[in-house]
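Only one structure is covered here, and it is reproduced in the block below.
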4 protein chains.
Amino acid sequence: MNILFLGDIVGEPGRRCAREILDELLVELRPDLVIANAENATRGKGLSRKSAEELYDAGIEILTMGNHTWDQRQIFEFIDDDRRIVRPLNYPERTPGRGFTICRVQQVDVLIVNVMGRTFLSQLNCPFDALDEVLAAHPQIRHVIVDVHAETTSEKLAIGWAFAGRVSAVIGTHTHVPTADARVLPGGTAYITDVGMVGPRDGILGMRRDPVIERMRTHLPSRFEVADGPRQFCAVSIELGDDGRARSITPIYRELA
Amino acid sequence: MNILFLGDIVGEPGRRCAREILDELLVELRPDLVIANAENATRGKGLSRKSAEELYDAGIEILTMGNHTWDQRQIFEFIDDDRRIVRPLNYPERTPGRGFTICRVQQVDVLIVNVMGRTFLSQLNCPFDALDEVLAAHPQIRHVIVDVHAETTSEKLAIGWAFAGRVSAVIGTHTHVPTADARVLPGGTAYITDVGMVGPRDGILGMRRDPVIERMRTHLPSRFEVADGPRQFCAVSIELGDDGRARSITPIYRELA
Amino acid sequence: MNILFLGDIVGEPGRRCAREILDELLVELRPDLVIANAENATRGKGLSRKSAEELYDAGIEILTMGNHTWDQRQIFEFIDDDRRIVRPLNYPERTPGRGFTICRVQQVDVLIVNVMGRTFLSQLNCPFDALDEVLAAHPQIRHVIVDVHAETTSEKLAIGWAFAGRVSAVIGTHTHVPTADARVLPGGTAYITDVGMVGPRDGILGMRRDPVIERMRTHLPSRFEVADGPRQFCAVSIELGDDGRARSITPIYRELA
Amino acid sequence: MNILFLGDIVGEPGRRCAREILDELLVELRPDLVIANAENATRGKGLSRKSAEELYDAGIEILTMGNHTWDQRQIFEFIDDDRRIVRPLNYPERTPGRGFTICRVQQVDVLIVNVMGRTFLSQLNCPFDALDEVLAAHPQIRHVIVDVHAETTSEKLAIGWAFAGRVSAVIGTHTHVPTADARVLPGGTAYITDVGMVGPRDGILGMRRDPVIERMRTHLPSRFEVADGPRQFCAVSIELGDDGRARSITPIYRELA
Ligand SMILES: [Fe+2]
Ligand SMILES: [Fe+2]
Ligand SMILES: [Fe+2]
Ligand SMILES: [Fe+2]
Ligand SMILES: [Fe+2]
Ligand SMILES: [Fe+2]
Ligand SMILES: [Fe+2]
Ligand SMILES: [Fe+2]
């Protein structure tokens, strides 16, 4: 089974870039499942219904989220009903939406989970325990893809190694910069610290540079907006065996003018 | 001018790996200057005199530091006298050691600066202002290498872009995971968000995995130790023109059993 | 000289409470100078021109600020021209407004400074160094009131003790809860870790309770609003000698239905 | 029922001060139960067996803890067996020790719970949920004392108000500075944001001042030690009715030369 996982899609430039690149890539790679992190899809913060539809139209089947999950209030209207959206699993019980979803791919159940790290990011329940639980509840599923949305390399690596051999892939998101450490960990777990971003290449995390730099230097308020200009597409292609073990993980990097 | 920059060297495995790989690489690349981040060189925390000597013997000429600068108390005995060691520039005035150093390479003065980010890392003075000042004080120097030691991708990118066209290179360190975003920014500034690490490949940031995972899961004390096993070598090779502008930046990744 | 210092005034209930209590208190205590922290004066966040005028009308002469200084954008229109407003001194150079002000009280110059702590709060320059500098620049002034706006008790106590004997008073703000540790430190420096708040007594830091509790429990967005109901008035009365040394510091706590 | 609750006891000076003041106070107040926070009892960090014995000898019956629970490794030898020690409840499952204890006071069961806040302090499970659970598991107990060990006033107030009417008392610890906001919340819950400290009065949180100030100013390592000199004793006396509701909470502050 071939799975394509796209990093955080940022704003309209990111959505458009995803669609344009996927037009080619779906033909080239013929992935069996396409997943993308969509926490920044709408104006860089959150996910509107319209943005979600655009991403589905582009060929993405599952959308994972992160610390920006609730930034577009509209999401409360559809997250409960849309089984294709996966928000962090380790939010408190009774949080709207779902922390994992199961989809049928080529006669096989694939579990897609999203967990959020806590270091410098959120005050949530333990992501390790949350993953343990969801795995224990689905012992028959062998194809498990984890989006670990976290700030630090140490927390992502710790989750990767702690679940090596128990899940098919641990894919990092959130920092918007792709790392060069994609590998298959012992036991058959595809791992990368961060997939990177689909969005404006010459911004700062996809946002216009000047307001970001100004705020850092002056500590005065500034309005952040999605940048324009050339766009980058960051994804990984993961190949899983019938036993759910990863055989390979391959970073994909493309640019659009 | 060709500059080789090695990421955070972790412990004895990292030091030995640096020496072994440099043995080949110095012949292959014939760099004019070799710089390395050495904040983790001694048992993963700080820099002893003996470790520094080992790194100099291996062919490294300048050692930059970071948040672990003072972890080996011995450093106070030699940091003031050793002009090859550069600790973060934005420490308070009167901090031992120096925040930049100038070395003569092929009849050209090269300024090497180390700044530390503040987000989630340190309560120091503004790294942007500190860099502005050091550049203003050395208007005649056109070859400037900045080691930006920071936690977040946003702060590193902000410093990279803010100084694009004003320095030769902005090289990120600290996260120990190499990023796949090396490029020459407009104006001729070589940039990478993180060079990565020289040290044990299968640890977490170079440290043994189990104590790190256990502490994250249990919040109980655990003793961190440098890992063993295969090692990785992460560096970048930067080519500068006579005008100080970067022509290229090339990541180098090697492994040793 | 008698100085009255009011803690963070929160929203319209706080402004009204300040006015009503001051009506009595100005008669009772006949203070020579009235200072208040106004960072939350307008809807709990920032300071509008109208709120500032209200506070001046109530008898407050100097307004100090904090991390909410810029929350009302309107402040950029008047902060440069209004010498009665003091924002944190350790903001970067060229920040609008002023970090200290001098006012003439009973033929004596009184210096009022506002500094912001860094622990868990802001990435500013060193508050100790900033204070050192402002004191060095005004060696002739012996009446110095410092509003230290900080999160942790340790940082406030450290500043209090570091400047004991060098300033007339170090008065903590920001946590909105009055501490019971008012005392005159050796050398004649009036100190309190936090003055407390002027605002709704039964909210959380002056804001309606339910949205605060809900956000903490659910991590979902919620709209914070200034609470209503009974109000509390927290201030300290400080008595200074002609030499600028504090003779006493007395907490004042009143309630209004 | 009369309960005496002492704030964080710091080091040998704090332990001695507790004993000396309790000698008088036990006679004066005749409390039915004496509780103290002991996370700093041994050299300012953690709790050794010997320190615990000293505190029991002084008349303290229950010891609560906090972020320094594990600082003395010896505690692992006795925390499981000593039912008088209560470490934060919201540590992960399988953490040594217990997060609450029940003791029989005048034919009545009293539940003592310790929870830790998360803001700026720890990455634990939700303290609200943990409290909900422990209350649900003991519906028959009406006398419940909660030590909320947290950094921010907002988190302590939120827990206080969220459990007002459901527990007998919510008593804050950790900041080592007593607050002046003791009151009985609606529903009969005694509340104070922080009890304060039992320990050296003229240190910073009970530690020698100079190393603390120096580290804050220089960011160089410094060794923290418990201070000497005059000591302060901070406690609250809480009076509960037979229905478990608080009738009063009275701060107690004493000093020893
Ligand atoms: Fe994110
Ligand atoms: Fe993101
Ligand atoms: Fe570092
Ligand atoms: Fe490092
Ligand atoms: Fe504030
Ligand atoms: Fe405030
Ligand atoms: Fe604590
Ligand atoms: Fe404590």
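The values are calculated or read from the model by the stated rules, or taken from the named source; none is laboratory data. Quick caveat, the model's predicted, so the values are computed rather than measured. With ideal geometry, Cβ positions are generated from the backbone for all residues, glycine too; neighbour counts draw on all protein chains shown.
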- Residue check: is B:Thr69 out of contact with any Ser or Thr (no Cβ under 8 Å at 6 or more places or on another chain), among the β-branched types (Val, Ile, Thr) and either within 16 Å of ligand 5 (Cβ to nearest atom) or within 24 Å of D:Thr218 (Cα to Cα) (or both)? yes
- Note on the structure: Selection from region B:15-45 of residues in a loop (DSSP other than H, G, I, E, B) and either crowded, with 21+ Cβ neighbours inside 10 Å or away from ligand 3 (no atom under 16 Å from the Cβ) (or both) yields B:Arg30, B:Pro31, B:Asp32, B:Ala38, B:Glu39, B:Asn40, B:Ala41, B:Thr42, B:Gly44
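Specify which of the listed residues (C:Arg118, C:Arg104) is of a type in the set (Lys, Arg), in a loop (DSSP other than H, G, I, E, B) and either more than 17 Å from C:Met65 (Cβ to Cβ) or at pLDDT 95 or above (or both). Lay out the reasoning, then the answer.
Working: C:Arg104 fails: in a loop (DSSP other than H, G, I, E, B).
Only one candidate qualifies: C:Arg118.
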- Query: Any idea which of (1) of a type outside the set (Phe, Trp, Tyr); (2) more than 10 Å from chain D (Cβ to nearest Cβ); (3) under 29 Å from A:Leu124 (Cα atoms); (4) surrounded by fewer than 20 Cβ atoms within 10 Å (Cβ to Cβ) is the one C:Pro230 doesn't satisfy?
  - Reply: (3)
- Query: Would you say A:Ala158 is touching a helix residue (DSSP H, G or I) at 6+ places or on another chain (Cβ under 7 Å) and under 17 Å from D:Leu124 (Cβ atoms)?
  - Reply: yes
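Matching residues to (1) within 12 Å of chain C (Cβ to nearest Cβ); (2) among the β-branched types (Val, Ile, Thr); (3) more than 16 Å from ligand 8 (Cβ to nearest atom):
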site	(1), (2), (3)
A:Leu26	no, no, yes
A:Ile75	yes, yes, yes
A:Val86	no, yes, yes
A:Thr95	yes, yes, yes
A:Phe100	no, no, yes
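Hey, any hits in region D:211-228 for a residue that's outside any helix (DSSP H, G or I), under 30 Å from B:Met116 (Cβ atoms) and aliphatic (A, V, I, L, M)?
Initially, region D:211-228 is screened for residues outside any helix (DSSP H, G or I), giving D:219-228.
From what's left, under 30 Å from B:Met116 (Cβ atoms): D:219-225.
Going one step further and asking which of them are aliphatic (A, V, I, L, M), we end up with D:220.
Checked region D:211-228: at least one residue is outside any helix (DSSP H, G or I), under 30 Å from B:Met116 (Cβ atoms) and aliphatic (A, V, I, L, M).
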- Selection from region B:80-115 of residues that are surrounded by fewer than 22 Cβ atoms within 10 Å (Cβ to Cβ) and touching a Gly at 6+ places or on another chain (Cβ under 7 Å): B:Asp80
- Message: When the residues of region C:204-214 are narrowed to those that are in contact (Cβ under 8 Å) with a residue 40 or more places away in the chain and more than 8 Å from chain D (Cβ to nearest Cβ), which ends up surrounded by the most Cβ atoms within 10 Å (Cβ to Cβ)?
- Response: C:Gly206
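For residues that are β-branched (Val, Ile, Thr), within 16 Å of ligand 6 (Cβ to nearest atom) and within 23 Å of C:Cys103 (Cβ to Cβ), tally how many sit in region C:1-41. Break it down into steps so the answer makes sense when it comes.
As a first pass, look at region C:1-41 and keep what is β-branched (Val, Ile, Thr): C:3, C:9-10, C:21, C:27, C:34-35.
Right, trim to within 16 Å of ligand 6 (Cβ to nearest atom) and you get C:9-10, C:35.
Cutting the leftovers down to within 23 Å of C:Cys103 (Cβ to Cβ) gives us C:9, C:35.
Within region C:1-41, residues that are β-branched (Val, Ile, Thr), within 16 Å of ligand 6 (Cβ to nearest atom) and within 23 Å of C:Cys103 (Cβ to Cβ) number 2.
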- Message: Is it the case, given these coordinates, that B:Val110 is away from chain A (no Cβ under 12 Å), more than 25 Å from C:Glu93 (Cβ to Cβ) and either touching a residue at least 12 places away in the same chain (Cβ under 8 Å) or part of a loop (DSSP other than H, G, I, E, B) (or both)?
- Response: yes
- Kindly indicate the residue of region A:128-155 that is assigned to a helix (DSSP H, G or I) and among the β-branched types (Val, Ile, Thr) and also nearest to the chain's Cα centre (by Cα) among those meeting that condition. A:Thr153
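Every residue, every condition in (1) at pLDDT below 95; (2) within 30 Å of D:Phe163 (Cα to Cα); (3) away from every other protein chain (no Cβ under 11 Å), yes or no:
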{"residue": "D:Pro200", "(1), (2), (3)": "no, no, yes"}
{"residue": "D:Met216", "(1), (2), (3)": "no, no, no"}
{"residue": "D:Val226", "(1), (2), (3)": "no, no, yes"}
{"residue": "D:Cys234", "(1), (2), (3)": "no, yes, no"}
{"residue": "D:Ile249", "(1), (2), (3)": "no, yes, yes"}
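Taking into account only those residues within region B:183-206 that are over 21 Å from B:Ala38 (Cβ atoms) and small (Gly, Ala, Ser), which is farthest from the chain's Cα centre (by Cα)? Walk me through how you get there before you give the answer.
We begin by selecting, within region B:183-206, every residue over 21 Å from B:Ala38 (Cβ atoms); these are B:183-189, B:191, B:202.
Next, from what is left, pick out any that are small (Gly, Ala, Ser): B:187-188.
Numbers: B:Gly187: 22, B:Gly188: 20 Å.
By that ranking, first place goes to B:Gly187.
Applying the selection to region C:59-81, what residues are assigned to a helix (DSSP H, G or I) and touching a residue at least 24 places away in the same chain (Cβ under 8 Å)? Give the steps one after another, and end with the answer.
Within region C:59-81, the subset assigned to a helix (DSSP H, G or I) is C:75-78.
If the condition is that a residue be assigned to a helix (DSSP H, G or I) and touching a residue at least 24 places away in the same chain (Cβ under 8 Å), then C:Ile75, C:Glu77, C:Phe78 are the ones that fit.
At least 3 residues that are surrounded by 24 or more Cβ atoms within 10 Å (Cβ to Cβ) and touching a residue at least 40 places away in the same chain (Cβ under 8 Å) in each: list the strands (runs of 3 or more DSSP E) lying fully within region A:156-202 that qualify. Explain how you work it out, then say what you get.
Details: elements: A:169-173, A:183-185, A:189-192, A:197-200.
Answer list for region A:156-202: A:169-173, A:189-192, A:197-200.
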- Can you name the residue in region C:46-58 that is free of Cβ contacts under 8 Å to residues at least 40 places away in the same chain and under 13 Å from C:Val198 (Cβ atoms) and is also surrounded by the fewest Cβ atoms within 10 Å (Cβ to Cβ) among such residues? C:Glu54
- Within region C:128-155, the count of residues that are surrounded by fewer than 22 Cβ atoms within 10 Å (Cβ to Cβ), within 14 Å of another protein chain (Cβ to nearest Cβ) and in contact with a Leu (Cβ under 6 Å, 6 or more places away or on another chain) comes to 2
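Conditions tested, residue by residue: (1) more than 14 Å from chain B (Cβ to nearest Cβ); (2) at pLDDT below 95; (3) within 16 Å of ligand 7 (Cβ to nearest atom).
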residue: D:Ile3; (1), (2), (3): yes, no, no
residue: D:Ser48; (1), (2), (3): yes, no, no
residue: D:Thr64; (1), (2), (3): yes, no, yes
residue: D:Gln72; (1), (2), (3): no, no, yes
residue: D:Pro92; (1), (2), (3): no, no, no
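If I filter region A:6-17 for residues that are more than 14 Å from every other protein chain (Cβ to nearest Cβ), away from ligand 2 (no atom under 16 Å from the Cβ) and within 17 Å of A:Val110 (Cα to Cα), do I get at least one hit? Before the answer, list the steps.
Just the residues of region A:6-17 that are more than 14 Å from every other protein chain (Cβ to nearest Cβ), to begin with: A:6, A:9, A:11-17.
Those still in the list that are away from ligand 2 (no atom under 16 Å from the Cβ) too: A:16.
Applying the additional criterion that residues be within 17 Å of A:Val110 (Cα to Cα) yields none.
Scanning region A:6-17, I find no residue that is more than 14 Å from every other protein chain (Cβ to nearest Cβ), away from ligand 2 (no atom under 16 Å from the Cβ) and within 17 Å of A:Val110 (Cα to Cα), so the answer is no.
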- Item | Among (1) among the aliphatic types (A, V, I, L, M); (2) in contact with a Leu (Cβ under 8 Å, 6 or more places away or on another chain); (3) under 28 Å from D:Gly117 (Cα atoms) - the single one C:Ile252 does not satisfy | (3)
- Within region B:65-87, which residues are over 22 Å from B:Ile145 (Cβ atoms), charged (D, E, K, R) and within 16 Å of ligand 4 (Cβ to nearest atom)? B:Asp71
- Item | Residue check for D:Thr152: within 16 Å of ligand 7 (Cβ to nearest atom), free of Cβ contacts under 8 Å to residues at least 40 places away in the same chain, under 24 Å from C:Leu185 (Cα atoms) and hydroxyl-bearing (Ser, Thr, Tyr) | no
- Message: Against the definition (in a strand (DSSP E or B), away from ligand 8 (no atom under 16 Å from the Cβ) and among the β-branched types (Val, Ile, Thr)), how does B:Ile3 come out, yes or no?
- Response: yes
